[in-house]
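These notes are about the structure you will find just below.
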Amino acid sequence: MEYLIGLAVLAGIFFLIYRYVTGGTRERAVALSKPFPEAWRVILTDRVAFYSALTDTEKLRFEKQVQLFIARTRITGIKTSIDDTTRLLVACSAVIPIFGFRGGWEYDNLGEVLVFPDAWKLDRDEDREVKPLEGTLLGSVQNFQTDHYMRLSKAALEQGFRDAKDKQNVGIHEFAHLLDQADGEIDGVPLLMLPRELVPQWKQLMHDEIEQIRAGKSSIGDYGGTSAAEFFAVVLEYFFEKPEQLETKHPELYQLLTRTFRQDPGMRFARFDPRTLLKKAPRRLGRNDPCPCGSGEKFKNCCQLTQEATETAA
């Protein structure tokens, strides 16, 4: 009898261990099996320019990543309400930087996102933050045991997506710090994303660009000159908010970022204006060549008429 009880206890322990180990996989499967709410799709279309610039196939993949992030991440309001729009904007802030990574990337080092109504007073232990004014914060990432807790200003989060071309997005900024920290150190060098052969080039370019910022000779925001960690976060905002300007003013930096994050947001945003896109493509495309807009269609079935009209007008 005692032998049977022992076996039952052992079986129970193994079952609990199995449930714990496979919990993430099951949670992921449940989240991805649910249809994406149409109301959420409307919010993304109205509020997130990055989403609107995606192809239909890319939109489906983006939606699933957003859905998974929301299902697996605690987003808590502190003296403010949390609605679907807030959850979606937080999720988009997380997904946009990692969208080019195939095979899935999850913020395993994120414990919870705390959303405050607006800016708050600086705590002495908050060493990674976005400051609107001296002594106040719009966002921060803090360590707590093995997890990180992110704080975001709801007002700043919404403003970051309201103006998609101002080079500022506090959500992307803070998730950039988490990506930077994924290798164990927030130092402006995201070793888990940056190809090893590009690390020396990145470090030298980052040093040179910070010197230019401090000398007042750069289009990169002044806050990017305060440290290597803040440079990385500020530049990532720039990369996803105003990529065409970053590519023009800092081409080497832009190319490094496209290789690191496996995305070309400048090309993606150019889909909003096919004439702009075609300036970046070879002047004479074959009718059966893939369309440079990334739609997956042949050029003759997509943007050929636009190019012909542009050439005629010229």
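Go through the residues of the range 168-184 one by one and say whether even a single one is touching a helix residue (DSSP H, G or I) at 6+ places or on another chain (Cβ under 9 Å) and without any contact (Cβ under 8 Å) to a residue 12 or more places away in the chain. No; the residues of the range 168-184 include none that is touching a helix residue (DSSP H, G or I) at 6+ places or on another chain (Cβ under 9 Å) and without any contact (Cβ under 8 Å) to a residue 12 or more places away in the chain. Of all residues in the range 213-240, exactly one satisfies the criterion of being open to solvent by 30 Å² or more (accessible area, probe 1.4 Å) and in contact with a strand residue (DSSP E or B) (Cβ under 9 Å, 6 or more places away or on another chain), namely Tyr223.
As a summary of the residue check, Arg26 satisfies the conditions (1) modelled with pLDDT of 95 or more; (2) farther than 17 Å from Val95 by Cβ except for the one numbered (1).
The combined condition, being at pLDDT below 70, over 17 Å from the mean Cα position of the chain (by Cα) and part of a loop (DSSP other than H, G, I, E, B), is fulfilled by Arg283. Residues that are small (Gly, Ala, Ser), open to solvent by 20 Å² or more (accessible area, probe 1.4 Å) and touching a Pro at 6+ places or on another chain (Cβ under 9 Å) within the range 157-200 comprise just one, Ala182. Note on the range 38-104: enclosed helices (runs of 4 or more DSSP H) holding 3 or more residues that are farther than 20 Å from Phe161 by Cβ and out of contact with any strand residue (DSSP E or B) (no Cβ under 7 Å at 6 or more places or on another chain) are 56-72. When the residues of the range 91-110 are narrowed to those that are under 16 Å from Gln67 (Cα atoms) and touching a Ser or Thr at 6+ places or on another chain (Cβ under 8 Å), which ends up surrounded by the fewest Cβ atoms within 10 Å (Cβ to Cβ)? Ranking the qualifying residues of the range 91-110, first place goes to Tyr107.
The values are calculated or read from the model by the stated rules, or taken from the named source; none is laboratory data. In this text the structure is predicted, and so the values were computed from the model without any measurement. All Cβ positions, even for glycine, are placed from backbone atoms using ideal geometry, and neighbour counts span all protein chains on display. Surface accessibility is based on the protein's heavy atoms, side chains included, excluding ligands, DNA and RNA. Shrake-Rupley method; radii C 1.70, N 1.55, O 1.52, S 1.80 Å.
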